[in-house]
Amino acid sequence: MTQSTTATPYQEPAPELRRREIPAGEARIAVFTRTYPTTIEDLWDACTNPERLRRWYVPVTGEFRVGGTFEQVNMGSGTILVCSPPELLKVSLGAGADEIELRLSPGPDRDNTTLELQHATTLDSHSIGGQMYDAIYCMGGGYYPRLLALDRHLRGNLPEDYDSTAFHLNPGMRSTIERGSAAMAALLEADARS
């Protein structure tokens, strides 16, 4: 892990809502952008190396090559569409109903890297705990804690006993989940008014 010599505090992403066509149809896209205190190579490794992914995201197994399929614990399977290290990873999920693009670029100084995560979905809703929610709304409660866990992993202060498959049960992540959900709700409300 490469850490910046400047100790910058974690800042939650300010999400955006975009739209575009994906092979499955018209998609809404939740966009999360964050700058991390590490090199582009280290951030790429944290986002693509299965041993590191399991620490902050979820365990991922499969064929890690373009055209290869993978399985994410509790989140289903996908296919790798594009892999251009260390700048772009694009995958499809749910038989193509969703696409995720992970874009990395140099940050404001040489010890920082900007991550832009775009999650495009053609789904209107998603079930959590037997209740239906707007699919975009759900992304806030899922990505906010994962992006925080990534930050802690990169800084070397993610607890050893952190369970990436059960972050939603972690009392320390509850407020982050709530802030992520509230941010997405506000984004959807603003979109409905426009």
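The values are calculated or read from the model by the stated rules, or taken from the named source; none is laboratory data. The shown structure was predicted, so the numbers you read here are calculated from the model rather than taken from an experiment. Here the Cβ is made from the backbone with ideal geometry for all residues, glycine too, and neighbour counts use every protein chain on show.
A few remarks follow.
- Residue that is farthest from SER127 (Cα to Cα) [pool: residues in segment 91-107 that are crowded, with 17+ Cβ neighbours inside 10 Å and touching a helix residue (DSSP H, G or I) at 6+ places or on another chain (Cβ under 8 Å)]: LEU104
- Residues located in segment 22-45, provided they are assigned to a strand (DSSP E or B) and either of a type in the set (D, E, K, R) or farther than 19 Å from LEU148 by Cβ (or both): ILE22, GLY25, GLU26, ALA27, ARG28, ILE29, ARG34
- Test for GLY172: is it loosely packed, with under 12 Cβ neighbours inside 10 Å, out of contact with any helix residue (DSSP H, G or I) (no Cβ under 7 Å at 6 or more places or on another chain) and at pLDDT 95 or above: no
- Residues in segment 167-189 that are touching a residue at least 40 places away in the same chain (Cβ under 8 Å) and of a type in the set (Gly, Ala, Ser): GLY180, SER181, ALA182, ALA183, ALA185.
- Candidate set from segment 175-194 (those that are among the small types (Gly, Ala, Ser) and within 16 Å of the chain's Cα centre (by Cα)); member that is surrounded by the fewest Cβ atoms within 10 Å (Cβ to Cβ): SER181
- In segment 124-133 there is no residue matching the filter, namely being of a type outside the set (Ser, Thr, Tyr), modelled with pLDDT of 95 or more and either surrounded by 14 or more Cβ atoms within 10 Å (Cβ to Cβ) or more than 20 Å from MET184 (Cβ to Cβ) (or both).
- Odd one out for GLN131 among (1) closer than 18 Å to MET173 by Cβ; (2) out of contact with any Gly (no Cβ under 7 Å at 6 or more places or on another chain): (1)
- Hey, GLU87 in contact with a Leu (Cβ under 7 Å, 6 or more places away or on another chain) and within 19 Å of THR33 (Cβ to Cβ) or not: yes
- Boolean, ALA149 is touching a Phe, Trp or Tyr at 6+ places or on another chain (Cβ under 8 Å), more than 21 Å from GLY94 (Cβ to Cβ) and among the small types (Gly, Ala, Ser): yes
- Residue list for segment 10-21, restricted to those being among the charged types (D, E, K, R) and either closer than 12 Å to LEU123 by Cα or outside any strand (DSSP E or B) (or both): GLU12
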